[in-house]
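In what follows, a structure is listed as structure tokens, so that the remarks can point back to it.
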Amino acid sequence: MRHLGKYLTGAAFMIAGAWAATGLAQPAAAPFTARQAEAGRVAYAANCAACHQANLAGSGEQPALAGPQFMAAWGRRSTKEFYDDIRAEMPYGKAGSLDAATYQNITAFVMSANGAKPGNTAFDGNQAVRISAIATGQVPSAIANARRGGGDEGGGGAGRAPAMRLGRTLVGDIKNYTPVTDAMLVHPDPKDWLIYRGNYQAWSHSGLSQINANNVGQLQLKWSWAMNEGGENATGPTIHDGIMFLANTSNTVEAFDAKTGELLWQNRLGPLASRAYSALRSLAVYEDKVYINATDAKLYALDARTGKVVWESDIAPPGKGFNETGGLIVAHGKAIVGLTLCRGQMPHCYISAYDANTGKQVWKFTTIAAPGTPGGDTWANVPDDMRAGGETWIAGTYDPELNITYWGTAQSKPWMQASRRSGTASTLYANSTLALDADTGQLKWYFSHAPGETFDLDEVFERVLIDHGPQKTLMTIGKAGILWKLDRVTGKFLDAKQTVFQNVYNGIDMKTGRLSFRPDVLVQKTNTWISSCPSAAGGHDWPPTSYDQKNDLMIIPLDQSCNMMLGHDVAQHTGVVQPEGEEKVFFMPGTEGNMGRLAAYRTATMEPVWSFQQRSPFLTGVLSTDGNVSFVGDYDRVFRAVETTTGKTLWTVRLPTVVQGNPVAFAVDGKQYVAITTGLGGGSPFSKPSSMLGEVHHPDHGQAVYVFALPDKMN
Amino acid sequence: MHAIRTVLAVFLLGGFSGVASAAEVYASRLTSVAYDGAMRANVQGDGHVSAALNGSSLTVTGDFTALPSAASSVKLYSGPGIGVPGDAILDLQLSGQNQGSISGTVKLSSKQLTALRQGHVYVQLNSQKAPDGNLWGWLLPEHAFPGADVPEKGHGLLPQLDVPGNWTEKR
């Protein structure tokens, strides 16, 4: 916040002078005053800069609010439309929370930041003046040169964590801690939850059955813990030997007595969280350490007994905005992590592995194929420094027998083919499954799920490893809602199933798995709206599936919405943070306005077994258990248990805010518990219902962890 | 309900080819057109339409409510896919302002019939503050919605009418 003040103070008042200096013809005076623009500067810093940056350049999915990109998006629209837009949608996660005058002032500031000249008439929200008639997109130098702000690098914004003391705020002294061995990770004890998705295969299944379909209705709250305010929260606890390790927001790591909720140690590593890109989805435990890849792309190993930092290592060059959200796995003595927010800069994104004892980098696999390397010819001559995407924002899985780690990658960037100028080229290794040797990072095989993908439809999510007799398969589902089955030894395509309505692809070659686009997608142009079902919220998004082996059922949280997408003309040079485009949302045809769907598929046959729909989307992963009960939470604050084999709802509880994260099960002293978090933020799966479900309300705070169990005395 | 299932069975088994002997029934909930924050306040509302096809004659009935501004026109549109906007093809009639009803009988060309049976035809209601679209809904085979949270066997999806091989079905 101090930085914003330093660089932006008086910026609005400097604009008239800047116009005089340029000698350009001045557009008409704008319908706002200099005083409004100055007040808007302050309000922008407090409410907007964390995502859109102090220089209004935008970042990632947060669009630019100044310069050519802004003018391309908004030049033909009016000041009133801009005002209506931010009033309806902003601040992110707190839409409509500011008063009308503040939105008017922010509108004035944004216009002034695009070269509009203040006038004598105050903007009251009703003046509909074409933005290109008053603004040029020329950003005053005081604003353009403002320090890249927000996110983890300073600046304020909605959802930013309140100030707090960083460091080891409670020193632990856990006695009788049992180191986690490789054997424990390969064959986890059902009482523990040692790995992000429960086991290396990402089944998100518990072998516990004390809580079952007959008694789940008696679940009651045992303890809870209020998590940090600010930032996104989509995490899940890790449990070992009755100790819960939690990746709280603002890169805070905590250890609790999992039975009582007593805090055992706490280390606030920082940096403090903003709402954008700050959801840590997991941590990892191995031997006597807890591992966390912090949002500033730094990998830490903490002493599991005390919380003390044992070592730390940079995953990516510090201070460049690289980011981590997906959590990590530890396999064969190495902590393996992905990387995100590699847009507009080098190096490209990569997956990397670190010696679990020392933090020394062991290997790195770059997920963007460079010219002259294998796959480098799949970018239609796009220069290397313009090849972007392939982010890895969900931790991978691991087959100990094959010693292969499996990772999904996100789409190439910019989102749309027309913007990135790559046509239908497959842009390796975006939207692919990668099979990497866990010891060397060597690529064993890859499978490109969506060559030429163009609607921000990631295929980055969990890779679930399932054996059908002797056949070792890998199953995954991405935003397009297509459930894929591959041979995980060879990468050969085996099968695919559509799980939600989609209109992006009009066919698939069932021998190769190659998708064919709807014809009008192939002739897309920039600055033209084009339809995509599902929207960028999926289909299926980050809330992971669960696999119940005994019933051979994969239970999948699905999201039903569509969008119109418009791709920008993106500047073709490095160093430019490039908001890729715009979108308009609408309800998916044939769904009666229901955004949420939970569905179960038999994985051997890909046969759909059951599904149900509801108005609100599911924002947690699914946890299935040996008690024939599966747990899942949603945007409307409902945490529920369903019968795994039928989908019938058996139990619900309404929590204080959005139920978001990853449910887990564990046992202490012979008693089974189920834990879940509430959380805010989380990208498209959270923002789409925020925009579309006006009747669904939730507080914009209340992140916490909740632990449920059966009563000590059963009815 | 029985009639609905019968109609669905005709569609599913017949693959939507040829002219059915009985009326084919289509329906849609009308929901907001694609919008961003700037449009949001003007594209609210709710509605429902059903359409019966006899030969090439399509009779549409429906209702709408809670529009932010008075309805101005209602038309059938056809695009290149389900959920893909296209051009207006035929006019329908409306009565009422912020709430009201939709009606009309139109003759479809063979091309329009094909589009309807592929799910590419939709109803769009325009209003004074949203002249380029307030509510829309794609005409798909009328189907029973079992209710929120009520599981149904199978995938529970409408058939993907325009995808060769009926990708959603068990092969």
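Taking every residue in A:611-624 and counting other chain Cβ atoms within 10 Å of its Cβ, the average works out to 2.
Treating r as the C-beta distance of A:Lys511 and A:Asn551 and R0 as 35 Å, the FRET efficiency rounds to 0.75. With the simple spin-label model, which puts each label point 7 Å out from Cα in the Cβ direction, the A:His332 to A:Ala101 separation comes to 6.4 nm. Helix A:11-22 axis versus longest C-alpha principal axis of chain A: approximately 50°, rounded to the nearest ten.
With 20 Å bins beginning at zero, the pair-distance distribution over Cα atoms of the protein assembly as shown amounts to 15, 48, 32, 4, 0 %. Accessible surface area normalised per residue over the protein assembly as shown is 33 Å², counting heavy atoms of protein chains with a 1.4 Å rolling probe. Which residues, if any, in region A:51-99 lose at least 20 square angstrom of accessible heavy-atom surface (probe 1.4 Å) when the other protein chains sit next to their chain rather than the chain being alone? SASA drop of 20 Å² or more in region A:51-99: A:Arg77, A:Asp84, A:Asp85, A:Ala88, A:Glu89. Using the Cβ of B:Leu67 as centre and a radius below 12 Å, the other residues enclosed give a net charge of -1, where K and R count +1 and D and E count -1. Solvent-accessible surface, computed for protein heavy atoms with a probe of 1.4 Å, shrinks by 50 Å² or more for the following residues of region B:33-63 when the other protein chains are added to the isolated chain: B:Ala34, B:Tyr35, B:Asp36, B:Gly37, B:Ala38, B:Arg40. Spin-label model, A:Thr605 to A:Val523: label points 7 Å out along the Cα-to-beta-carbon direction sit 4.3 nm apart. Between A:Ala128 and B:Asp91, what's the calculated FRET efficiency when r is the beta-carbon distance and R0 is 22 Å? Round to 0.05. Rounded to the nearest 0.05, the efficiency is 0.15. Angle of helix A:79-89 to the longest C-alpha principal axis of chain A, folded into 0 to 90 degrees and rounded to 10: 20°.
Rounded to 0.05, the FRET efficiency of the A:Val171 and A:Lys360 pair, given R0 = 25 Å and the Cβ-Cβ distance, is 0.40.
Highest mean first, how do A:170-177, A:317-324 rank when packing is the count of other Cβ atoms within 10 Å averaged over residues?
For the peptides A:170-177, A:317-324, the packing ranking is A:317-324, A:170-177.
Legend: residue pairs A:Lys360/A:Lys497; A:Lys485/B:Lys111; A:Lys472/A:Lys688; A:Lys308/A:Lys364; A:Lys94/A:Lys320; A:Lys289/A:Lys550, Cα-Cα distance threshold 30 Å; pairs beyond threshold, A:Lys360/A:Lys497; A:Lys485/B:Lys111; A:Lys472/A:Lys688; A:Lys289/A:Lys550.
For a modelled paramagnetic label at A:Gln218, 7 Å from Cα along Cα-to-Cβ, the residues of region A:630-674 in reach, with backbone nitrogen under 14 Å, are A:672. May I ask you to list the lysines whose Cα is less than 18 Å away from that of A:Lys525, ignoring any residue fewer than eight positions away on the same chain? Candidates past the 8-residue exclusion: A:Lys413, A:Lys584.
Available extension along the chain between A:Lys94 and A:Thr260 is 56.4 nm, counting 0.36 nm per residue and deducting the alpha carbon span. Cysteines of chain A lacking any other cysteine Cβ under 4.7 Å from their own Cβ: A:Cys48, A:Cys51. Peptides A:285-298, A:509-522 ordered by packing proxy, namely the average of other Cβ atoms within 10 Å per residue, highest first: A:285-298, A:509-522.
Just add up the charged neighbours of A:Gln613: K/R +1, D/E -1, any other residue whose Cβ is under 10 Å from the Cβ of A:Gln613.
-1
Count Lys and Arg as plus one, Asp and Glu as minus one, and take only other residues whose Cβ is under 10 Å from that of A:Gln549; the net charge is then -3.
Annotation for region A:595-699: trypsin sites (Lys or Arg not before Pro) lying in DSSP loop with at most 16 further Cβ atoms inside 10 Å of their Cβ are A:Lys648. Interface of B with A. Using a 1.4 Å probe and counting protein heavy atoms only, the two chains hide about 3900 Å² of accessible surface, both sides summed.
Helix A:100-113 axis versus longest C-alpha principal axis of chain A: approximately 70°, rounded to the nearest ten. Surface composition of the protein assembly as shown: carbon and sulfur atoms hold 52% of the protein heavy-atom accessible area at a 1.4 Å probe.
The values are calculated or read from the model by the stated rules, or taken from the named source; none is laboratory data. Everything numeric here is computed off the predicted structure, so don't read it as measured data. All Cβ positions, even for glycine, are placed from backbone atoms using ideal geometry, and neighbour counts span all protein chains on display. For accessibility, only protein heavy atoms count, side chains too; no ligands or nucleic acids. Shrake-Rupley method; radii C 1.70, N 1.55, O 1.52, S 1.80 Å.
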